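*Asks:* Take this structure first; my questions come after.
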Amino acid sequence: PTPLPPSQEAVLERLSDTLRHGHGAAPPLLQLLGSDGASQQLVAQRLAQDLGLWLYRLPVEQLPAQAAELETLVRLWQRETVLLPVALLLDGQAVELAGAGDGAAAAVRRFLARGGGLTILCGREAMPDPGRPSVLVDIARPSTAEQEEIWREALGEQAGSNPSKLAAQFALNAPAIREIAARALAEPPETPLAERLWDGCLHHSRPQFDGLAQRLELKAGWGDLVLPEAQETLLRQIADQVRMRHRVVQEWGFAERLNRGLGISALFAGDSGTGKTMAAEVIANDLRLDLYRIDLSAVMNKYIGETEKNLRRVFDAAEDGRAILFFDEADALFSRRGEGGDNLQHFANLQIDYLLQRMEAFAGLAILATNLRSSIDPAFERRLRFIVNFPFPSLADRERIWRGVFPAQMP
């Protein structure tokens, strides 16, 4: 059987005991919760193996919408559970199951109300009122220490210092780590193993934003920046804090003392053309991380609650690879909170509060850029780690910019 990290192995043992010693004719519905679908499937596979069952996987979006077709599927599955030792994994990672009873959620409820045998439902959040008794279990990714140990086992004698660096930056599950390590070891040694591993992690954890963000091509380096010394020093401190975050938070024990506010966020304020986007590009290039510009026109939605859903998708997608998020013209999202009593203002304030919470919890770097700092809500400024003001370039700086514009090969 595929080995599990100790934290997931403990969850597996509890689930096995629950099912073996449970009372009643029908087993309860198992709801495996969390954003790591691969770990959920691995735990489900091991659970089925321990119980001597064959596990079948069915994405919930493939459940028939028509009642007659769904009834046929239920009857066929009921027959299989009687004739064969089988279990069913309903994969709900790609859909919203915690909302109202329409769409995929309604089909899942109808199936669960009639389906037999052991059924495991995977999703980001618990499904309320599934129609049968259920057991809810959180399946978290392996801890940083567990990820480091998996890297060490997968790389063997060539591990070196790579496990600690990779585990500190990327939040990957066990199957992904083993796959990336095997691919990197099999590639021709034209580039160092550390670079092959890092690039493999970047490609594997590259987020799917579904049109909510655009990945920027990184070209600029520290030598391309033309800024006063104070601003450049702040930018280098931002890069250093991202680079050393794991050592300070985890190894030095600050994660045990502080349960929030550990995210790294920065505000870049200045007129258009003063270098805010280039500064974000330089930091991402220095850290060898992906940089994504958030498309505010796609994120913001006039319907109540939809903007928060889009922002949750953005932060959740960027979490695995700790990508750098760049909110350009952020004053459209992070504007001052109003004091009016109407419902629209109330929901706008809730939206800003949600943004504050997600930025503080985000394990990567979130950069807000604005042309008008005075429009930013003061609550944001008090809880931002860095504020960098980009001044209009001086005469000497403008000359440096002009000299750097022309390529060397230009006649």
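The values are calculated or read from the model by the stated rules, or taken from the named source; none is laboratory data. The shown structure was predicted, so the numbers you read here are calculated from the model rather than taken from an experiment. All Cβ positions, even for glycine, are placed from backbone atoms using ideal geometry, and neighbour counts span all protein chains on display. Ligands, DNA and RNA are stripped out before the accessible areas are found, and what is left, the full protein with its side chains, is counted by its heavy atoms. Shrake-Rupley method; radii C 1.70, N 1.55, O 1.52, S 1.80 Å.
*Asks:* So what's the chain giving for Cα Rg divided by 2.2 N^0.38 Å, two decimals?
*Replies:* Compactness ratio reported: 1.15.
*Asks:* Just want to confirm a number: the relative contact order over the chain, from Cα pairs under 8 angstrom separated by 6+ residues, in percent.
*Replies:* The value is 16 percent.
*Asks:* Modelled label-to-label distance, Val86 and Arg312, 7 Å Cα→beta-carbon offset: nm?
*Replies:* Using points 7 Å along Cα→Cβ, the separation is 3.3 nm.
*Asks:* Turning to a different aspect of this structure: Given a 1.4 angstrom probe, I'd like the percentage of the accessible area of the chain that is carbon and sulfur, rounded to a whole number.
*Replies:* With neighbouring chains kept in place, the figure for the chain is 51 percent.
*Asks:* Moving to a separate point now. Can you give the accessible area of Met127 in Å² (nearest 10), computed on protein heavy atoms with a 1.4 Å probe?
*Replies:* 10
*Asks:* Further question: Quick check for you: which residues of the stretch 244-288 have the amide N under 17 Å from the point 7 Å beyond the Cα of Arg403 toward its beta carbon?
*Replies:* none
*Asks:* Under a 1.4 Å probe, what is the accessible area of the chain per residue, stated in Å²?
*Replies:* Accessible area per residue: 52 Å².
*Asks:* Within the set of other residues whose C-beta is less than 11 Å from the C-beta of Gly131, count the net charge using Lys and Arg as +1 and Asp and Glu as -1.
*Replies:* Net local charge, Gly131 excluded: +3.
*Asks:* Working out 0.36 nm times the residue gap between Phe392 and Gln237, then minus their Cα-Cα distance, what length gain in nm do you get to one decimal?
*Replies:* 53.6 nm
*Asks:* Working out 0.36 nm times the residue gap between Gln158 and Glu9, then minus their Cα-Cα distance, what length gain in nm do you get to one decimal?
*Replies:* Result for the pair: 51.0 nm of gain on full extension.
*Asks:* Next up: Considering only DSSP beta bridges whose two residues both sit in the chain, what percent are antiparallel, to the nearest 5?
*Replies:* 10
*Asks:* Okay, next question. Extending each Cα 7 Å along its Cβ direction at Leu262 and Ala298, get the distance between those two points in nm, one decimal.
*Replies:* Computed distance between label sites Leu262 and Ala298 equals 3.0 nm.
*Asks:* Further question on the same structure: Quick one: if the Förster radius is 41 Å, what FRET efficiency do Met244 and Glu217 give, using the C-beta to C-beta distance and rounding to 0.05?
*Replies:* 0.95
*Asks:* Go ahead and run the numbers for FRET between Glu69 and Asp138, Cβ-Cβ distance against an R0 of 35 Å, rounding to 0.05.
*Replies:* The pair Glu69/Asp138 has a calculated efficiency of 0.60.
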